[in-house]
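The values are calculated or read from the model by the stated rules, or taken from the named source; none is laboratory data. Only a predicted model underlies this, so the values are computations on that prediction, with no experimental measurement involved. Note that we place each Cβ from the backbone using ideal geometry, even for glycine, and neighbour counts take in every protein chain shown. In case anyone asks, the SASA skips ligands and DNA or RNA and just uses the protein heavy atoms, side chains included. Shrake-Rupley method; radii C 1.70, N 1.55, O 1.52, S 1.80 Å.
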Amino acid sequence: MVLAAIAVAVLATGCGATQDDTNSSADKASSPAKKAPENPDGAETPDGTLLVADFGSDTVSFVDPAPGKGTFDSVEVGHAPYGLVVGDDGRAWVATAEGVAVVDTDSREREALIPYETEGLGPVTDGEYRGGGMGIALAPDGEHAYVGVNIPDGNGALETIDTRTEKVTDTASVGRRPFDVDVSRDGRQVYATDHDSFDVTVLDTRGGDTRRIEVAPYGTEGGLGSWLKPHYAAVRPSDGKLLLPFEGEKLVVVDPDTGRSTVERMTANTHQHGVTITPDGTLLAVGTGPIDPSEDEGPSLTIRAPGGKEKVVPLDGPHEDVAVSDDGRTAYVTGGFTRDGYWNGITVVDIDSGDTRRLAAGERPLGIAVL
């Protein structure tokens, strides 16, 4: 990929190539938000169910990933939900434009909607530049949730929520548009991936201090108009370093204690967004599609072994985020995408064979977890 390709995108302050697929923003405009069904029989949610944040609606969807199945229930959570995380107690924490929703995934009911303490969020709206929560994560002990809050046209915030009282207890300043939030293995540091400021903010959970680490392997030329920014990160289990993929070309490995980084080669050659990592250190990175279609490859899922060997699985249309089944055999990639070229579904990927199938689910699904 040559840096001249950036010029094509300088006028676009978003990220990812705009593409058409099965469903578009026009489809969304003609489709009213679904009303959340009730769960009158009180049936518990089966293990292995997928929970997705419906960025194109005000719900989270419960999805049976088996062939021929799909969404079987949904719960109203708040406008334009983005990221979500599920704790060991079965509660899901969902970052919406209005606040953080708390959902009991067994009873499939919303317990609470925790308003943000951050000011300047503007009107409740949708789209990738909306104010409100984006990335969200839980502390290893489950006692705190951390949500990255986008403040339109300015630096964002990282809010800390006490999961027992369900109240915001602290707010720290971070960079622009905190796409993703992660927590260190010992819970002593929280990492906000700041998309529009080319950095990661590190929060010390003991003292509340923050510091910023620039993550810009292509430089910061183009500023807000650049496409070559950090999106999502994963904490490597073996050593706690942060892994941030860029363009299917470079994997930036950041030591959050020293701020130093190294760069490893990647092979997908496509604009990358969501990532996750398995307990054995296998990294999965979602490719949304090319910045420059004349030079770059299409959407894909990169499956990167701990030693660096990669398998690149082509995907049909842009996708956003990814989760892995408990047995490590299956990846679930959401088709929501932050820009216009989304579709209402999930691609199910067999990690060993690379075989894929598409599953209709959700309304522009972004964040995903396996229950």
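Quick notes on this structure:
- Efficiency of FRET between Asp204 and Asp89 - r from beta-carbon atoms, R0 41 angstrom, step 0.05: 0.95
- Max mean-square fluctuation residue, GNM over the chain, Cα-Cα springs under 10 Å, options Gly156, Gly219, Gly83: Gly219
- Rolling a 1.4 Å probe across the protein heavy atoms gives the chain an accessible surface of 40 Å² per residue.
- Accessible-area composition of the range 121-198, carbon plus sulfur, in percent [1.4 Å probe]: 44
- The separation of the range 260-334 from the range 195-234, counted between C-alpha centres, amounts to 20 Å.
- Which of Thr169, Ala305, Val275, positive extreme of dipole for the chain (C-beta unit charges): Ala305
- Charge dipole of the chain (Cα centre as origin; +1 on each Lys and Arg Cβ, -1 on each Asp and Glu Cβ, all else neutral): 620 debye, rounded to the nearest 20.
- Proximal charge balance of Thr220 [Cβ under 11 Å; K/R count +1, D/E count -1]: -3
- Taking each DSSP H run with n ≥ 4 as -39500 (n - 2.57) and averaging over every residue of the chain yields -500 deg cm²/dmol at 222 nm.
- Per-atom-type breakdown for the range 310-371 gives carbon and sulfur 38% of the accessible area (1.4 Å probe, protein chains only).
- Here, the chain yields an orientationally averaged convex hull projection of 16.6 nm² when only Cα atoms define the hull.
- Taking amide H as placed 1.01 Å from N in the peptide plane, Glu247 has its amide H under 5 Å from the amide H of Gln272, each at least 5 places away in sequence or on another chain.
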